[in-house]
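Written below as structure tokens is the structure these notes are about.
The values are calculated or read from the model by the stated rules, or taken from the named source; none is laboratory data. This one's a predicted model, so the numbers in the text were calculated from it and none came from an experiment. Neighbour counts are summed over all protein chains in view; Cβ atoms, including those assigned to glycine, are modelled from backbone coordinates with ideal geometry. Keep in mind that these areas ignore ligands, DNA and RNA; they rest on the heavy atoms of the full protein, side chains included. Shrake-Rupley method; radii C 1.70, N 1.55, O 1.52, S 1.80 Å.
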Number of protein chains: 2
Amino acid sequence: MTKINKAACVGGGVIGGAWAARFLLSGIDVNMFDPHPEAERIVGEVIANAERAYAMLTMAPLPPRGKLSFVKSIEEAVQGADWIQESVPERVDLKRGVLTQIDAAADPKALIGSSTSGILPTDLQRDMKHPERLFVAHPYNPVYLLPLAELVGGEKTSPAVLEDAKAKLATIGMKGVILKKEIEAFVGDRLLEAVWREGLWLIKDDICDTETLDDVIRYSFGMRWAQMGMFETYRIAGGEAGMRHFIAQFGPCLSWPWTKLTDVVDLDDELTDKIANQSDSQSGAYGIRELERIRDENLVGIMHALKGANGGKGWGSGKLLAEFEAHLWANAQKPEAKIGAEPIRLLDTKVNPSWVDYNGHMTEFRYNQCFADSADALLRLIGVDMDYVAAGHSYYTVEAHNQWLDEAKLGDALYVKAQVLPCDGKKLHTFMWLYRASDDALLATCEHLMLHVASKEGKVLPPLPAVKDKLQQLIDAHACLPLPANAGRVVGQRK
Amino acid sequence: MTKINKAACVGGGVIGGAWAARFLLSGIDVNMFDPHPEAERIVGEVIANAERAYAMLTMAPLPPRGKLSFVKSIEEAVQGADWIQESVPERVDLKRGVLTQIDAAADPKALIGSSTSGILPTDLQRDMKHPERLFVAHPYNPVYLLPLAELVGGEKTSPAVLEDAKAKLATIGMKGVILKKEIEAFVGDRLLEAVWREGLWLIKDDICDTETLDDVIRYSFGMRWAQMGMFETYRIAGGEAGMRHFIAQFGPCLSWPWTKLTDVVDLDDELTDKIANQSDSQSGAYGIRELERIRDENLVGIMHALKGANGGKGWGSGKLLAEFEAHLWANAQKPEAKIGAEPIRLLDTKVNPSWVDYNGHMTEFRYNQCFADSADALLRLIGVDMDYVAAGHSYYTVEAHNQWLDEAKLGDALYVKAQVLPCDGKKLHTFMWLYRASDDALLATCEHLMLHVASKEGKVLPPLPAVKDKLQQLIDAHACLPLPANAGRVVGQRK
């Protein structure tokens with residue numbers, strides 16, 4: 001019910017293109033309208049970045065990518081769409097006109113989100129016939145990775161629409177946060193504006209250069225804010241006495257001369273040159289595409305780190321990623337059709353930035369991770385899912401024998417094939433091969449043994465019938481395959 | 001030359017205690033003076049938090065912890081110290097008095113840093129006899145994890161002292177950034193003040209509650225700022241045209257009504273209650289100690305993620321962590337004395353938050369990581385260091401046979417012992433046991449085989465003489481040990 005079935009993006013560019021990428025990678029077809037002559041190229045580049053990032057981001061299988069259609073008019077774009085996202089330039093008259101045109105052509109039930117950074121939804125919905133389904137859905141660059149969308153309703157927006165939008169955004173991995181009231185620039189951009197304004201003064205007055213200012217942010221509160229916001233951080237700073245104590249202690253600073261916020265800096269040519277030149281010496285060693293790549297890898301790494309946080313329950317954007325993965329798993333096509341008289345393909349992944357050493361080579365134990373993930377995939381295939389485990393049944397890995405044969409490099413696409421060896425199901429004995437996708441080179445092998453366990457009793461027992469039957473199909477299908485040459489060997493055995 | 005030999009902390013509390021923790025964990029003795037009756041308890045709690053975090057943070061061995069002495073006077077504290085850190089309450093008269101007293105009693109060459117959040121160093125150094133060595137070293141909570149110290153000199157501060165302070169901070173894992181000019185609240189707190197001020201308006205005006213505001217930060221620009229700052233982020237947003245284009249595009253917003261910065265909010269009882277209550281419903285499910293623990297684990301996770309970033313070269317705080325680890329390794333005591341007729345202890349580590357599944361159990365492949373890290377430790381022990389590898393010689397792992405025997409949980413301390421099996425050095429054949437430290441329970445075993453390789457030629461060759469001799473000592477010392485029961489076995493072999 002909360003699914004998005006078809007999306008329309010009116011306005012491409014960096015923001016519209018990244019919305020499209022989010023939809024497409026979640027399996028949703030997108031109609032894109034943007035009259036800009038280079039729209040297809042720009043959108044294509046953003047989608048390529050997003051695909052690269054998603055290959056590292058999610059451990060769950062992405063659905064078949066949605067179909068992207070470039071269309072010739074707003075009317076054509078909105079046909080059949082149940083989510084329409086407007087991302088045209090930031091001028092109230094232009095946006096209002098486009099949104100009114102969308103409103104007239106779209107299904108009256110379709111949701112309409114505006115990507116505006118600061119215009120009030122009340123001003124945007126003024127001329128609409130169905131204004132109750134118009135809201136601001138303000139995302140942050142890079143939209144395909146940063147999960148936030150500020151959801152803001154205008155005077156005529158239905159509260160139920162905002163709740164519906166929030167639920168639908170969750171299915172594409174986003175966190176919709178609903179503001180209580182509309183205000184220019186909403187919450188995030190007001191906070192950013194405050195920092196930007198103060199930062200400009202610090203550069204203009206030669207307190208520091210842009211690199212120093214960035215270092216101050218990223219080695220201190222930037223790291224705090226990636227996982228807790230400002231108020232939760234200050235709650236901790238208040239100690240056992242909490243927020244009230246913090247306010248008593250730091251409230252007075254508000255009246256000290258600690259900012260130049262009351263003056264607006266003049267962004268004249270001189271200051272623009274100064275900033276641009278400092279920025280060049282700070283970041284000029286990297287091209288913009290390279291910085292984008294680094295940024296995306298860093299964001300993926302941060303989300304991965306937070307996914308394992310809080311005792312494995314996840315925290316912040318990492319918890320959200322885990323929820324998105326659970327959603328993807330729940331909607332994943334079961335690969336049952338693949339059982340046959342050949343080794344079964346279990347894993348497709350890419351060498352992740354956090355998997356490599358300083359030479360850019362995949363670290364020893366990440367090979368083990370690929371095999372462990374493949375064993376998990378095999379278990380899901382035979383019906384050992386979250387419900388089965390929650391009911392107290394599981395397979396435990398007890399032994400593995402690995403051979404490392406060749407190197408994998410950052411970004412290499414990898415896959416694993418597995419053969420089930422003769423076994424009784426209480427034991428699950430497999431042999432796996434890890435390949436590089438580009439040339440099918442064999443990188444490593446793993447002989448792997450699991451035992452089926454009743455986890456509460458801690459006893460080795462046969463699997464339940466449904467799992468046993470499914471596994472037996474695999475065992476039977478693979479019975480005709482020759483035993484792999486390296487199975488049943490001891491460490492150091494001569495070939 | 002840049003080493004800190006002995007530190008004095010004047011003022012304990014959360015900030016002073018965390019400075020002490022940084023010094024102690026880097027092997028530096030600390031004299032602590034704080035007349036507060038509970039100073040020992042408070043400092044002890046901070047140090048305990050820091051030790052817990054460092055056990056997860058660094059893969060390099062920490063040196064033996066420095067000695068902490070609580071002393072009765074400022075004069076006693078500064079004796080023999082070459083870095084003195086003042087962290088007393090934020091009142092200019094109090095700080096100036098304490099610093100003048102420190103100055104009079106300390107070695108005239110000792111560096112004196114003040115933890116002040118906003119007072120000008122010129123005002124602090126006014127009455128000093130040796131004012132040239134006084135500077136602001138402003139850290140961020142939690143000081144033991146966040147690497148930033150803003151270094152700010154006053155009118156009488158020597159520029160060389162700031163450079164010296166920056167170099168010394170690097171040896172305790174910190175990033176000293178030197179500001180060009182002094183200004184009240186320096187850079188970080190001015191930016192924070194701007195956000196705080198705007199944030200208070202948003203709460204007061206009911207635009208959102210504290211949880212929503214925190215979510216807006218941590219699901220969007222907080223993640224950006226953990227790894228790039230504001231200017232580098234905006235450089236990317238400007239696209240190929242870079243910073244200049246960004247300013248042209250977004251400069252005009254400065255004059256839009258996007259903030260309420262020009263008014264100072266009245267933090268009266270009503271607003272204080274409102275914030276405290278919202279904060280309770282946002283974060284009240286966790287105690288402060290629990291939030292600290294979660295925060296610290298998250299920060300460690302972020303630094304770990306960034307350590308592997310940028311093609312393994314590291315980025316931001318992760319690169320800094322790698323540099324700190326390199327410093328620790330360079331200063332680590334070589335464990336050569338331990339070679340004897342018993343398995344050798346190679347690794348002491350703890351189950352890291354990112355190592356566990358949703359049940360809080362260590363994931364299958366993290367056992368492999370422990371063994372791989374132990375193999376690395378063994379190599380360092382026999383002289384296979386960075387220089388040896390850089391010269392084109394190395395051991396490659398080719399095979400391993402693992403057995404998983406028991407579970408490890410989040411926070412469990414683990415260690416690995418290894419026995420070198422008969423081999424010729426061209427092959428390096430070992431058997432390793434992974435234990436839980438609390439009860440010496442055996443968790444897993446690994447039979448492991450490496451080959452010595454000339455990496456440029458890709459040929460298996462004997463190691464160079466120094467490594468060969470060192471390894472031979474180990475092989476000889478272990479020759480009398482019985483072959484481990486599970487060595488030389490195939491997967492699934494009955495016991």
Check your understanding: Among the listed residues B:Asn277, B:Asn310, B:Asn298, which satisfies the condition of being open to solvent by 60 Å² or more (accessible area, probe 1.4 Å) and either closer than 30 Å to B:Ala170 by Cα or at pLDDT 85 or above (or both)?
Key -> B:Asn277
Exercise for review: Kindly check whether there is at least one residue in segment B:147-163 that is more than 9 Å from chain A (Cβ to nearest Cβ), under 20 Å from the mean Cα position of the chain (by Cα) and open to solvent by 20 Å² or more (accessible area, probe 1.4 Å).
Suggested key: no
**Study point:** Residue pairs meeting the criteria (Cβ under 6 Å; at least 6 apart or on separate chains; first at the interface with chain A (Cβ under 7 Å from one of its Cβ atoms) and touching a residue at least 60 places away in the same chain (Cβ under 8 Å), in segment B:211-222; second among the hydrophobic types (A, V, I, L, M, F, W, C) and outside any helix (DSSP H, G or I))
**Key:** none
Check your understanding: Restricting the search to segment B:164-189, which residues are open to solvent by 50 Å² or more (accessible area, probe 1.4 Å) and at pLDDT below 95?
Key -> B:Ala170, B:Glu184
Practice item. Look through B:Ala444, B:Ala437, B:Ala479 and report the one residue that is over 34 Å from the mean Cα position of the chain (by Cα) and small (Gly, Ala, Ser). Key: B:Ala479
Point to revise | For B:Asn141: the one exception among (1) open to solvent by less than 10 Å² (accessible area, probe 1.4 Å); (2) in contact (Cβ under 8 Å) with a residue 40 or more places away in the chain; (3) within 26 Å of B:Leu328 (Cα to Cα) | key: (1)
Exercise for review: Kindly indicate the residue of segment A:223-246 that is over 20 Å from B:Leu267 (Cβ atoms) and among the charged types (D, E, K, R) and also farthest from the other protein chains (Cβ to nearest Cβ) among those meeting that condition.
Suggested key: A:Arg224
Practice item. Answer yes if at least one residue in segment B:25-34 is among the aromatic types (Phe, Trp, Tyr) and within 17 Å of B:Asp296 (Cβ to Cβ), and no otherwise. Key: no
Review point. Taking segment A:414-432, which residues are within 33 Å of the chain's Cα centre (by Cα) and either of a type outside the set (Phe, Trp, Tyr) or open to solvent by 40 Å² or more (accessible area, probe 1.4 Å) (or both)?
Key: A:Leu414, A:Val416, A:Lys417, A:Ala418, A:Gln419, A:Thr430, A:Met432
Point to revise | segment B:233-266: number of residues that are open to solvent by 10 Å² or more (accessible area, probe 1.4 Å), in a loop (DSSP other than H, G, I, E, B) and at pLDDT 75 or above | key: 1
Review point. Among the candidates B:Gly311, B:Gly301, which residue alone is farther than 23 Å from B:Arg65 by Cα, under 15 Å from the mean Cα position of the chain (by Cα) and either within 8 Å of chain A (Cβ to nearest Cβ) or assigned to a helix (DSSP H, G or I) (or both)?
Key: B:Gly301
Check your understanding: In this structure, does B:Thr430 turn out to be out of contact with any Ser or Thr (no Cβ under 7 Å at 6 or more places or on another chain), under 23 Å from A:Ala487 (Cα atoms) and more than 9 Å from chain A (Cβ to nearest Cβ)?
Key -> yes
**Study point:** Any chance B:Lys319 is more than 8 Å from every other protein chain (Cβ to nearest Cβ) and in contact with a strand residue (DSSP E or B) (Cβ under 6 Å, 6 or more places away or on another chain)
**Key:** no
Revision key, fill the gap. Given the conditions (1) open to solvent by 40 Å² or more (accessible area, probe 1.4 Å); (2) in contact (Cβ under 8 Å) with a residue 60 or more places away in the chain; (3) charged (D, E, K, R), every one holds for A:Asp387 apart from (2)
Review point. Say we look at segment A:45-63 and pick out the residues that are in contact with a Phe, Trp or Tyr (Cβ under 9 Å, 6 or more places away or on another chain) and in a loop (DSSP other than H, G, I, E, B); which of these is nearest to A:Asp107 (Cα to Cα)?
Key: A:Leu62
Review point. When you look at B:Ala372, is it over 30 Å from A:Glu232 (Cβ atoms) and more than 7 Å from chain A (Cβ to nearest Cβ), yes or no?
Key: no
Exercise for review: Specify the residue that is modelled with the highest pLDDT; the eligible residues are those in segment A:334-358 that are within 8 Å of another protein chain (Cβ to nearest Cβ) and either out of contact with any Gly (no Cβ under 9 Å at 6 or more places or on another chain) or exposed (fewer than 15 other Cβ atoms within 10 Å of the Cβ) (or both).
Suggested key: A:Asp357
Point to revise | Subset of segment A:124-138 (residues that are among the aliphatic types (A, V, I, L, M) and either touching a His at 6+ places or on another chain (Cβ under 9 Å) or open to solvent by 10 Å² or more (accessible area, probe 1.4 Å) (or both)) | key: A:Met128
Revision key, fill the gap. Filtering segment A:74-97 down to residues that are in contact with a helix residue (DSSP H, G or I) (Cβ under 7 Å, 6 or more places away or on another chain), buried (at least 18 other Cβ atoms within 10 Å of the Cβ) and in a helix (DSSP H, G or I) yields A:Ile74, A:Val78, A:Lys95, A:Arg96
Review point. Say we look at segment A:399-412 and pick out the residues that are facing chain B (nearest Cβ under 7 Å) and at pLDDT 95 or above; which of these is farthest from A:Ile294 (Cα to Cα)?
Key: A:Glu399
Review point. Just one of A:Gly66, A:Gly16 is open to solvent by less than 20 Å² (accessible area, probe 1.4 Å), part of a loop (DSSP other than H, G, I, E, B) and outside the structural domain of A:Tyr415 (by TED's automatic domain parsing); which is it?
Key: A:Gly66
Exercise for review: Taking the options B:Ala285, B:Ala330, name whichever one is open to solvent by 40 Å² or more (accessible area, probe 1.4 Å), free of Cβ contacts under 8 Å to residues at least 40 places away in the same chain and under 29 Å from B:Asp206 (Cβ atoms).
Suggested key: B:Ala285
Check your understanding: Within segment A:19-40, how many residues turn out to be part of a helix (DSSP H, G or I) and within 20 Å of the chain's Cα centre (by Cα)?
Key -> 7
Review point. Can you find a residue in segment A:210-222 that is crowded, with 17+ Cβ neighbours inside 10 Å and either at pLDDT below 90 or over 36 Å from the mean Cα position of the chain (by Cα) (or both)?
Key: no
Practice item. Starting from segment B:168-196, take each residue that is without any contact (Cβ under 8 Å) to a residue 40 or more places away in the chain and list its partners that are of a type in the set (Gly, Ala, Ser) and assigned to a helix (DSSP H, G or I), counting only C-beta distances under 7 angstrom and pairs at least six apart or across chains. Key: B:Gly176/B:Ala165; B:Leu191/A:Gly199; B:Val195/A:Ala194
**Study point:** Leading residue by the ranking (farthest from the chain's Cα centre (by Cα)) among those in segment B:461-476 that are open to solvent by less than 70 Å² (accessible area, probe 1.4 Å) and among the hydrophobic types (A, V, I, L, M, F, W, C)
**Key:** B:Ile475
Check your understanding: Between residues in segment B:356-371 that are more than 14 Å from B:Leu414 (Cα to Cα) and residues that are among the β-branched types (Val, Ile, Thr) and modelled with pLDDT of 90 or more, which pairs lie under 6 Å by C-beta distance while being six or more apart or on different chains?
Key -> B:Asp357/B:Thr363; B:Glu364/A:Thr397
